[in-house]
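Here is the structure we will look at.
The values are calculated or read from the model by the stated rules, or taken from the named source; none is laboratory data. Fair warning: this is a prediction, and the values are worked out from it, not measured in the lab. Positions of Cβ are generated from backbone atoms using ideal geometry, with glycine treated the same way; all protein chains shown enter the neighbour counts. Surface accessibility is based on the protein's heavy atoms, side chains included, excluding ligands, DNA and RNA. Shrake-Rupley method; radii C 1.70, N 1.55, O 1.52, S 1.80 Å.
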Amino acid sequence: MIALTLVCEGIAAFLVWRQGYRAARLYLVSWVLMLLAGLTFVLSNLNILSGLAIPESIVMVATAMGSLFWSLAIADRVNLLKAETESANLRLERSERKYRSLFENSRDAIFISSRERQDY
C-alpha cells in the first residue's frame, strides 16, 4: 500500500510540475531523494544489493533533506502568491483611478442610485 501511494504521489507531482506549477519541482526532488534512500535501504537489508550496506542514518538524512525541499516548495508558493496579490492590487488600483477619473473629469451631471433607493 505504501509503495502504491509513493508511486501515485510521484506521478501526480510530475504531472503538476509539467503543467507549470513551480513548487512541484522541489517536491519532486524531495520525493526522489526519499524514494531512492528508502529503496536502497530496504534492498540492502534484504541482501538484494549484495555488498552494499546502507545504514538507517542515510534514510534519516534523506528525510531531513526532503523536509528542507518541502519547506522551500512552500516558501516558493508563498512568494508566488505574494507576487500574484501585488499584481492584482496594482490592477485594482489602476481600475479605480480610471473609474474615478471618469466621474471627476466628466462635464455631465452624474446621478448614482442603489437598489435600496438611497440616492447620493
(request) Starting from the Cα gyration tensor of the range 46-112, take the square roots of the eigenvalues, sort them a ≥ b ≥ c, and report rounded, prolate or oblate (rounded when a/c is under 1.5, otherwise prolate if a/b is larger than b/c, else oblate). (result) prolate
(message) Give me the percent relative contact order of the chain, please, defined on Cα pairs under 8 angstrom at least 6 residues apart.
(response) 21
(message) Taking 0.36 nm per residue of sequence separation and subtracting the Cα-Cα distance, how much length would be gained by fully extending the chain between Met1 and Ser87, in nm to one decimal?
(response) 26.6 nm
(message) Just to confirm my numbers, what's the Cα centroid distance between the range 71-120 and the range 10-24 in Å?
(response) 32
(message) Given points 7 Å out from each Cα along the Cα-Cβ axis, report the Ser113 to Arg97 separation in nanometres with one decimal.
(response) 3.4
(request) Would you kindly derive the ³J(HN,Hα) couplings of the range 102-113 from the backbone phi angles with the Karplus curve 6.51 cos²θ - 1.76 cosθ + 1.60 (θ = phi - 60°), listing them in order in whole Hz, with x for Gly and Pro? (result) 4, 7, 6, 9, 7, 8, 8, 6, 10, 10, 10, 9
(request) Would you mind counting up the charge near Tyr21? Only other residues with Cβ under 14 Å from its Cβ, with Lys and Arg at +1 and Asp and Glu at -1. (result) +2
(message) Per residue, how large is the accessible surface of the chain? Use a 1.4 angstrom probe and give square angstrom.
(response) 82
(request) Convert 4 °C to kelvin, take the viscosity as 1.567 mPa s, use the Kirkwood radius over C-alpha pairs of the chain as Rh, and evaluate the Stokes-Einstein diffusion coefficient in µm²/s, rounded to a whole number. (result) 67
(request) Express the carbon and sulfur contribution to the solvent-accessible surface of the chain as a percent, rounded to the nearest whole number, probe 1.4 angstrom. (result) 63
(message) Let's test the formula: R0 of 41 Å, r as the Cβ-Cβ distance of Ile74 and Ala53. What FRET efficiency results, to the nearest 0.05?
(response) 0.75
(message) Counting other C-beta atoms within 10 Å, and keeping those with at most 15, which DSSP coil trypsin sites (Lys or Arg not before Pro) do you find in the range 11-120?
(response) Arg22, Arg107, Arg115, Arg117
(message) Leaving ligands and nucleic acids out of the surface, order Asp76, Asp108 by accessible area at 1.4 Å, largest first.
(response) Asp108, Asp76
(message) Can you work out the Karplus-derived ³J(HN,Hα) for every residue in the range 38-53? Use 6.51 cos²θ - 1.76 cosθ + 1.60 with θ = phi - 60°, whole Hz, and x for glycine or proline.
(response) x, 5, 5, 5, 5, 5, 6, 6, 8, 6, 7, 9, 5, x, 10, 9
(message) Whole-Hz ³J(HN,Hα) for each residue in the range 21-28, computed from phi via Karplus 6.51 cos²θ - 1.76 cosθ + 1.60 with θ = phi - 60°, x for glycine and proline: what do you get?
(response) 7, 4, 5, 5, 5, 5, 5, 4
